[in-house]
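We did not get these values from a lab; they are worked out from the coordinates using the rules stated. As the structure is a prediction and not an experimental result, all values here were calculated from the model. Positions of Cβ are backbone-derived with ideal geometry, glycine not excepted, and every protein chain shown enters the neighbour counts.
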Amino acid sequence: MNETKESPALVKSLSDLALLADYSLLDTLNCDSEAKVDGMDHDPREVFSGHYVTVKPTPITSPQYIMHSKSFFRELGFDNSLAQSDAFIQMFAGNLSEVPEPMKKVGWATGYALSINGNEYYQQCPFQTGNGYGDGRAVSIFEAVIKGKRWEMQLKGGGRTPYCRGADGRAVLRSSIREFLAQEHMYALGIPTSRSLSLYASKVEKVRRPWFFDGSYSRDPEVMIEEDVAITTRVAPSFLRVGQLELFGRRARKREHSKAIEELEQIVVHLIDREYSEVIDQSLPIEEKVLLLALEFRSRITALVANWIRVGYCQGNFNSDNCTAGGFTLDYGPFGFIDMFDPQYQPWTGGGVHYAFLNQPQAAEHNYHMFCTALLPLLEPYPDRQAKLAEIRNGFSKQMQEQVENMWASKLGLSTFNQALFQELASLMIETSVDYTIFFRELSHLPDEITPLKKSFYTVSTNSEALLKSWSEWLEKWKALINLSNPSDINASSPESREKLSQKMKRLNPKYTLREWLLVPAYQAAEKGDYALIKELQEVMTNPYDEQSKEIEKKYYAKKPAELFKVAGISHISCSS
């Protein structure tokens, strides 16, 4: 579905951008029959059918420019000056009233279902039916084909929608900075993700949010604070989620209305057109498309989660509604990058151990199960295809294990995974309280002895002779395995092969990750109007594998300070706002 529209050499105005408009979702899917043409639909209500609701976003008051993604602007062919032009600011701060044709003066929001750990939930919907759960503050406002690629642009914090469940539909500057920088960082890490376009905030409009006292260790918010509202624009080929397919799968399964099965097929075909058109032939019958979709999504989601673990990322809230059907990362709310290695690391107090760091493969499997369940009604006339889908679904754990084992092997510079070596390493990392990022980056230098690795140790002292001896023994086993198991060009037996292996490992083991204790002072300064730190973080975290200046290394290539462990709002968060 990536048509060959001709993009201007450089997009310098909204009029240039408007020429690229192509609203495939609005043009091919069904609008809710009770939606309002003018988009003034901001109160919670049940949405019984249709794929989307037209919604007019609520502009923030007196928007101010905070930042934009220079790299993504360059990729899209946008002039950097566009980000600070009045018309662009107005549009991407929620005011569509003056956008040039054929841009639309209304946006759209979508409903989706909720599954947690593979279990269907309805009680989060205010109507207990599942018909009121969806994009409560995310409003898509534009879809276009730019340089041969289809992109959808969505405002996070764009005001109330029928799915707002009584909330105010706003995002705050703090969480918007986190999401903006996280998307920039994940893209630079080479991990499929939604992208950051722009970030605007209001210094006049504020909302109240639950938060923690400074220096608190509480797991629950203790105080209501006033925060500046903000809107960040995230961009993706589509924002279709597993939970969205699940909603239409449930309706079809229960025969909730006469067009339920038709709407399920429409959204599945739309997903394939938007996200899988290069690998699934559009001329195939729907039953064949469904099986190919299940196979391709399985491949994407297993690779995605393995890569999350590779860079130390924990999604925190990996429900089916936070799992994209295109197989990329979305919804940077209660996420976190791990400091001290802990398989049970979970940055969100509401997330539970089932979404902890090394439980993410199991969470992905639950979401994949719900994905396949949603597709089943389309295969009712084809028992043999149902059996094939079950076979594909049952193959998830094997493919996930292969992806994770290959990832660990790559992080360790090995051609093949060695279970015994890895288990010994994991035990040592836990016992020693090792900084995950620093350890693997130092290992990428292929040290001859353990002294460089000690940079990553939080608790072990030089007096822990037995533990240090175990580390030395492990290191020798690792070096021997590299020498014996790797091909000659990367077995570290010559200066050339040693350097080649080191460089390969450094391209997989980042030097810098976006840890929360680095983010907090940056967004606190931004709340006071000082944007220097967030811009510095943007520069550092968009080059995460590179060696940078000594000043930057000292500041950002560091272990988490001991006094910040277990501090609320730094070591854990309770809401994303």
message: Could you compute the net charge surrounding Asp228? Neighbours are other residues with a C-beta less than 9 Å from the C-beta of Asp228; K and R count +1, D and E count -1.
response: -1
query: What 222 nm value per residue comes from the helices of the chain, counting each DSSP H run with n ≥ 4 as -39,500 (n - 2.57) and dividing by all residues, nearest 500 deg cm²/dmol?
result: -12000 deg cm²/dmol
Cross-link reach list, aspartates and glutamates versus Lys156, counting only Cα pairs under 15 Å and skipping chain neighbours closer than eight places: Asp135, Asp168, Glu179, Asp228, Asp331
- prompt: Nearest 10 degrees, 0 to 90: what angle lies between the long axis of helix 516-527 and the longest principal axis of the chain (Cα atoms)?
  reply: 50 degrees
task: Let me know the Kirkwood hydrodynamic radius for segment 413-562, please, with Cα pairs as the basis and the value in Å to one decimal.
output: 17.0 Å
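Taking a ≥ b ≥ c as the square roots of the eigenvalues of the Cα gyration tensor of segment 431-486, is the shape rounded (a/c under 1.5), prolate (a/b larger than b/c) or oblate?
Oblate shape, in that a/c is at least 1.5 and b/c is the bigger or equal ratio.
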field: His42, His185 arranged by Cβ crowding within 10 Å, fewest neighbours leading
entry: His42, His185
statement: Per the C-alpha gyration tensor (a ≥ b ≥ c, the square roots of its eigenvalues), segment 242-388 is rounded if a/c is under 1.5, else prolate if a/b beats b/c, else oblate; here it's prolate
message: I need to check one value: relative contact order of segment 452-569, counting alpha carbon pairs closer than 8 Å and at least 6 residues apart, in percent.
response: 18 percent
query: Simple spin-label model, 7 Å along Cα-to-Cβ: Leu292 to Ala87 in nm?
result: 4.1 nm
- request: Would you mind checking the tilt of helix 360-375 against the longest principal axis of the Cα atoms of the chain, expressed as 0 to 90 degrees and rounded to 10?
  value: 30 degrees
- prompt: Of the peptides 302-310, 241-249, 443-451, how do they stack up when ordered by the mean number of other Cβ atoms within 10 Å, highest first?
  reply: 241-249, 302-310, 443-451
- prompt: For the pair Arg219 and Tyr65, how long in nm is the line joining their label points, each one 7 Å along Cα→Cβ?
  reply: 4.5 nm
statement: In this structure, the FRET efficiency calculated for Ala167 and Glu98 from their beta-carbon separation, with R0 = 45 Å, to the nearest 0.05, is 0.95
task: Quick one: work out the % antiparallel among DSSP beta bridges in the chain, nearest 5.
output: 90 percent
- request: Using only Cα atoms, tell me the angle between helix 465-485 and the longest principal axis of the chain; keep it within 0 to 90° and round to the nearest 10.
  value: 70 degrees
